[in-house]
Amino acid sequence: MGAVVPAGAAELDIPGVGAAEPDATEPDAADPDNADPDTAEHGVGARAGSFAAEHLSPSFPERAAWGTAGKLRAWQAEALDAYFVNEPRDFLAAATPGAGKTTFALRLATELLSRRVVERVTVVAPTEHLKRQWAEAAARVGLHLDPDFRNADGRYARHYKGAAVTYAQVAMRPSLHKDITEAHRTLVILDEVHHGGDALSWGDGIRDAFERATRRLSLTGTPFRSDTAPIPFVSYLPDRQGIRTSVTDYNYGYGRALSDGVVRPVIFMVYAGQMRWRTKTGDEMEARLGEGNTKDITSQAWRTALDPRGEWIPAVLSAADRRLTEVRHSIPDAGGLVIATDHYAARAYADLLQQISGEPVTVVLSDEKEASDRIADFSAGDSRWMVAVRMVSEGVDVPRLAVGVYATSASTPLFFAQAIGRFVRARRRGETASVFLPNVPTLMALANALELERDHALDRPSAEGGEGDLWNPEDALVADANKEGRASEALTEQFAFEALGSEANFDRVVYDGREFGGFAQPGTDEELDFIGLPGILEPEQVHDLLMQRQQRQARRHASRPAAADGHPPAPLHRTLKEQRQLLNSLVGLYSKNSGEPHGLIHAELRRVCGGPAVAQASVTQLQARIEWLRKRIGR
């Protein structure tokens, strides 16, 4: 039997398809005497069942090239077995990001080619970068796909076994792709198939192009969209409430992958803080992130927090860089990723990170070859940070990413799962992922429900406002492009939204659906207790350490001197924030009763009570204005 194999190391070879170098800890992989006789004899042409084995491990200790793991994980073998029970024309496989959907799909493709069930393979991917990634992965297993095929070419060259294209490309000329598909027995792999519902033209395009394909394999690694547009080639059946819900042929969720050791556990570092901004009507507002505000207030406070000119983002980036330093003590090539809202923010965050870390930062702004090259260089190197807008949120594989900052205001379950999926790809046992989040209720709910599996449901009314987003820049762009000019609305918006100031504090850790720790100032030992966890920990060790750090924080709070009323004295900056918030609420109430603009009320308060603007006023000055307003309001 050879030496004892570490947990997660024993897996089955993919015969004859460019297997990775044998692992030194696994002598059977290099010993032909111990190889499975069926797979050794038949190679790629092995019959159904030759890729399954009772002793398969759920994971593997070393990371192979993307999509080309030389050995199958247990779930991949199980999914292949499930496919070959009936060999259906359509098969929908859902597997959590990082689990190895590409390896599964390419293994299935080589099986179907070797059995002469199909003659050609077409991969449809969401982006240009992903279609190249697919072509490179396929080439490593001996399957040559053309990633440069253009609709104008008409046909791909004879030396290719197929092509990798995008959904948009198919939607532009579905009749062309229909002809190519029907010219040979074709397997169509629809990667992240939920994109078939992104636009009516995309759904119609892939339906028209691939309706007569010999076989179709649909893949998804994230929750489906919450709209009610049916996705082509996905089956729907009514649930107990009569709502038609998507049917998955094989499902491998995050919870199972985590218990198998296939993906990393995710530790969410949550940061709150006080925000100030000026609305489009000229009102100055103030609120704390995560304090049960209205949807509009939360949205604007969140937007203020992400402004690079404030103090919130620099504080969070500094904490994330410190966390990355800690992780790199155990994982020297560990990298970090900041997901930004737009190009302006991405460049500003990169400048801040360069000042914080003292190292150059990779910036990825678009879905072009140059951006793909930057991602590839970052993935192969050992530099600390990359900042991207959306491109790295789905399917892009950078296994060394271990620390993330969610600095975007997109909040759909789909986008969130795609973003977190960039950090969960495990290379060795004990790795963890750390993601820094703003304390926003929508994100907290998603972080606490990371293991929730969502099917796609039809027949339900769409909620007003789309997918439950707050301020989503992409949806905003679409809305701006589609709406007609509204002069009356423009007249009321005399000012542009302006972030006036922001402050950050550590708020808590969310891990495995539980919360640990509480308020801590950035840069303090209390914050370091949580962001300074070791980089290599087993899941149960993470839980135990967080419990210890929480208890230590509680002891520190208990030992602080109490005020006369028995409560610890509030820091001056918190007292100021509370007084400003109370003053702004009273100004809003007075404005509602009197019809006077907020700005005029604040000016009158300064004339009557004296003192500088609210931002520079002392606690005493703020309290004097509050008392004056209370008398005028009669409270």
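Summarising the overall dimensions of the stretch 587-635 from its C-alpha atoms, the Rg and Dmax are 10.3, 28 angstrom.
Listed by chain and number, the lysines whose C-alpha is less than 16 Å from the C-alpha of Lys131, apart from same-chain residues fewer than 8 away, are Lys101, Lys161, Lys369.
For Val387, nonlocal amide neighbours, meaning residues 5 or more places apart or on other chains whose placed amide H falls under 5 Å from its own, are Val338, Thr362, Val363, Val364. Taking a straight line from the alpha carbon of Lys577, these lysines sit under 25 Å away, with near neighbours fewer than eight places off in the same chain left out: Lys280, Lys295, Lys592, Lys631.
Charge tally for Phe506 (other residues, Cβ to Cβ under 13 Å; Lys, Arg +1; Asp, Glu -1): -3. The length gained on full extension between Val619 and Asp373, counted as 0.36 nm times the residue separation minus their Cα-Cα distance, comes to 83.2 nm.
For Glu119 and Asn448, the FRET efficiency from 1/(1 + (r/R0)^6), where r spans their Cβ atoms and R0 equals 60 Å, is about 0.80.
Residue separation of Ala558 and Ile536 scaled by 0.36 nm, minus their Cα-Cα distance, works out to 4.8 nm of gained length. Label separation (Gln354 vs Val85): 5.6 nm, computed from points 7 Å beyond Cα along the C-beta direction. The length gained on full extension between Lys295 and Ser259, counted as 0.36 nm times the residue separation minus their Cα-Cα distance, comes to 9.4 nm. Give the separation of the Cα centroids, the stretch 581-635 to the stretch 89-103, in Å. Between the Cα centres of the stretch 581-635 and the stretch 89-103 lies a distance of 59 Å.
For the stretch 103-246, averaging the sequence separation of C-alpha pairs within contact (under 8 Å, six or more residues apart) and dividing by the residue count gives a relative contact order of 23 percent. Across the stretch 375-382, computed HN-Hα scalar couplings (Karplus, 6.51 cos²θ - 1.76 cosθ + 1.60, θ = phi - 60°) run 5, 4, 5, 5, 4, 7, x, 9 Hz from first to last residue, x flagging Gly and Pro.
Separation of the stretch 288-312 and the stretch 523-553, taken as the distance between their Cα centroids, equals 27 angstrom. Sequentially through the stretch 431-437, phi angles give Karplus couplings (6.51, -1.76, 1.60; θ = phi - 60°) of 5, 10, 10, 10, 10, 8, 10 Hz, Gly and Pro residues having no value and appearing as x.
For a paramagnetic label modelled on Asp208 (point 7 Å from Cα along Cα→Cβ), amide N atoms under 17 Å away belong, within the stretch 162-182, to 166-182.
Under a 5 Å amide H cut-off, with hydrogens placed 1.01 Å from N, Arg508 pairs with Val270 among residues at least 5 apart or on other chains. Set the Förster radius R0 to 22 Å, insert the Cβ-Cβ distance between Arg607 and Glu498 as r into 1/(1 + (r/R0)^6), and round the FRET efficiency to 0.05. Computed FRET efficiency for Arg607 and Glu498 comes out at 0.35. For Gly335, the residues whose amide H sits under 5 Å from its own are Leu401, Ala402, Val403, ignoring neighbours fewer than 5 places away on the same chain, with H placed 1.01 Å from N. When peptides 71-79, 321-329, 370-378 are sorted by average Cβ neighbour count within 10 Å, with the highest value leading, the order is 71-79, 321-329, 370-378. Sequentially through the stretch 94-111, phi angles give Karplus couplings (6.51, -1.76, 1.60; θ = phi - 60°) of 10, 9, 4, x, x, 7, x, 4, 5, 4, 4, 5, 5, 5, 4, 4, 5, 5 Hz, Gly and Pro residues having no value and appearing as x.
No value in this document is a laboratory result; all are computed from the given coordinates. Remember, predicted model here, so these are calculated numbers, not experimental data. As a convention, Cβ positions derive from the backbone with ideal geometry for all residues, glycine included, and neighbour counts pool all protein chains shown.
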